[in-house]
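The values are calculated or read from the model by the stated rules, or taken from the named source; none is laboratory data. Note that the structure is predicted; figures quoted are calculated from it, not measured. Backbone-built Cβ (ideal geometry, glycine too); neighbour counts: all protein chains shown. What goes into the accessible areas is simple: the full protein's heavy atoms, side chains included, and nothing from ligands, DNA or RNA. Shrake-Rupley method; radii C 1.70, N 1.55, O 1.52, S 1.80 Å.
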Amino acid sequence: MNPTGKDPFQQRLEAINWAMLGVFVAISLFLLSFPFTLGVLLGGLISIVNYHWLSHDLRKVFQTLTDRSKMRIMIKYYIRFACSAVVLYFIISSSIVDVVGLLVGLSIVLINSILTAVATLTKKNCLEEVK
């Protein structure tokens, strides 16, 4: 029995998200400026926390499906979006991070999702498996 209730595939995605954040931060720490590295770190943390929050919300909604589930998930989506916007506003307005580094960090979950999809599709041997 899985104590977290998560699919092993999702657990692997989450682990790779953290590993990619570590690699991106380490590379930028040695090759680029501190504001860029801080941007990568904060952007990565924001995107990974959003990913976990979304996963948690979706799991709760699908465990208790009701007529109000659609409304509940949309409200939670807008709350998550507003929280992210406020945090990003304060990070960008403080001018302590490089905006490009922040964008790189915010893209970590997206990059991981794309690479995982490409890797999964290239492992498929025949068209029937893809469908």
Among the residues of region 88-109, is there at least one that is under 17 Å from the mean Cα position of the chain (by Cα), of a type in the set (S, T, Y) and at pLDDT below 90? no
Surrounded by 11 or more Cβ atoms within 10 Å (Cβ to Cβ), polar (S, T, N, Q), under 19 Å from G105 (Cβ atoms) and under 19 Å from the mean Cα position of the chain (by Cα) - does that describe any residue in region 47-54? yes
Every residue in region 25-46 that is open to solvent by 60 Å² or more (accessible area, probe 1.4 Å) and under 16 Å from the mean Cα position of the chain (by Cα), please. L41, L45
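Select from region 60-82 the residues that are open to solvent by 60 Å² or more (accessible area, probe 1.4 Å) and within 16 Å of the chain's Cα centre (by Cα) and list them in ascending order. Write out each step before concluding.
Of region 60-82, the ones open to solvent by 60 Å² or more (accessible area, probe 1.4 Å) are 60, 62-68, 70-72, 74-75, 77-79, 81.
Within region 60-82, Y77, F81 qualify.
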Tell me, which helices (runs of 4 or more DSSP H) lie completely within region 22-131 with 1 or more residues that are free of Cβ contacts under 8 Å to residues at least 24 places away in the same chain? 34-63, 69-93, 108-123, 127-130
